[in-house]
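The values are calculated or read from the model by the stated rules, or taken from the named source; none is laboratory data. Keep in mind that what you see is a predicted model, and the values were worked out from it rather than measured. When we count neighbours, we look across all protein chains shown, and the Cβ atoms used for this are built from the backbone with ideal geometry, even at glycine. Ligands, DNA and RNA are excluded from the accessible area calculation, which covers all protein heavy atoms including side chains. Shrake-Rupley method; radii C 1.70, N 1.55, O 1.52, S 1.80 Å.
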Amino acid sequence: MIYQVFYRIKSLRELEWRLRYDSHARTWIGLSEVPDHSTLSRRVATIEKSSYELLFHEVLYRLNPQTCITYWDSTPLRASRFDQEARKGKGTRLGWYVGYKLHAIVSEDLLPLVWRVTPANIHDSQTGSMLGELTLFSVFRLLGDGAYDVSVYLNVQQNTRYTW
């Protein structure tokens with residue numbers, strides 16, 4: 001994955017192709033054969049499930065984000081027309097699009113604290129469970145637009161003021 005980031009490789013298919021023709025990288029990584037893109041995909045998913053969250057929380061702890069005021073919003077992510085899991089949704093900038101939504105709660109210094117990627121047809125108000133993960137931070141005020149009507153979850157942090 002470091003090789004992929006360093007060479008700005010956008011997809012696992014491209015990574016597979018580049019590794020086939022880069023014998024020095026294969027030797028350095030310790031690969032006798034280049035795995036196909038589906039094997040790479042399964043391996044990345046395993047790494048993400050087992051290590052990514054721990055690494056993210058450790059880095060976030062060391063960065064010590066300013067969380068007195070946090071912001072909550074979503075942004076559309078377009079998908080490939082071949083993506084079978086993408087759904088049709090409506091965004092303020094794109095209008096109707098096929099893809100996903102990234103819902104994020106960020107700190108004052110714009111570090112992501114909590115996020116979810118959902119299909120585009122999931123309404124913002126259905127992501128209220130993200131507030132449960134916000135208890136790790138000392139948030140004084142959470143700012144979000146009217147779409148995040150999550151009054152059910154307001155008892156998660158009694159010291160937090162939620163502004164819609």
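The stretch between Val117 and Ser80 holds 11.8 nm of extra length on full extension. This uses 0.36 nm per residue minus the Cα-Cα distance.
Once backbone amide H atoms are built at 1.01 Å from N, Leu113 has Ile105, Val106, Ser107 as its partners under 5 Å, excluding neighbours fewer than 5 places away on the same chain. Both radii are taken from the alpha-carbon atoms of the stretch 58-145; with Rh as the Kirkwood radius, Rg/Rh is 1.03. Just checking the listed ones, Trp96, Trp115, Trp72: in the Gaussian network model of the chain with Cα springs under 10 Å, the one fluctuating most is Trp96. I want to verify a result. In a Gaussian network model of the chain, Cα cutoff 10 Å, which of these has the top mean-square fluctuation: Gly30, Gly89, Gly146? Looking only at Gly30, Gly89, Gly146, the largest GNM fluctuation is found for Gly30.
Free of any trypsin sites (Lys or Arg not before Pro) that DSSP assigns to a loop and that have at most 15 other C-beta atoms within 10 Å, the longest stretch within the chain is 94-164.
Dividing the summed -39500 (n - 2.57) terms of all DSSP H runs of n ≥ 4 by the residue count of the chain sets its mean residue ellipticity at 222 nm at -7500 deg cm²/dmol. Accessible surface of the chain, 1.4 Å probe: 54 percent of it comes from carbon and sulfur atoms. Protein heavy-atom accessible surface, 1.4 Å probe, per residue over the stretch 1-150: 69 Å². Does anyone have the angle between helix 37-47 and the longest principal axis of the chain? Alpha-carbon axes, 0 to 90°, nearest 10? Approximately 50 degrees, to the nearest ten. How many percent of DSSP beta bridges within the chain run antiparallel, rounded to 5? Within the chain, antiparallel bridges account for around 75 percent of the total. For GluC sites (Glu not before Pro), the sites in the stretch 44-95 that DSSP calls loop and that have at most 14 other Cβ atoms within 10 Å are Glu85. Restricting the stretch 1-50 to chymotrypsin sites (Phe, Trp or Tyr not before Pro) that sit in a DSSP loop and have at most 14 other Cβ atoms within 10 Å of their own Cβ leaves Tyr7, Tyr21. Amide hydrogen proximity for Gly91: with H placed 1.01 Å from N in the peptide plane, the residues at 5 or more positions away or on another chain lying under 5 Å are Trp96, Tyr97. Considering only Glu133, Glu108, Glu33, the mean-square fluctuation computed in a Gaussian network model of the chain, springs between alpha carbons under 10 angstrom, is largest for Glu33. Shape summary: the chain maps onto an equivalent ellipsoid whose semi-axes, from the alpha-carbon gyration tensor, are 36, 21, 12 Å in decreasing order.
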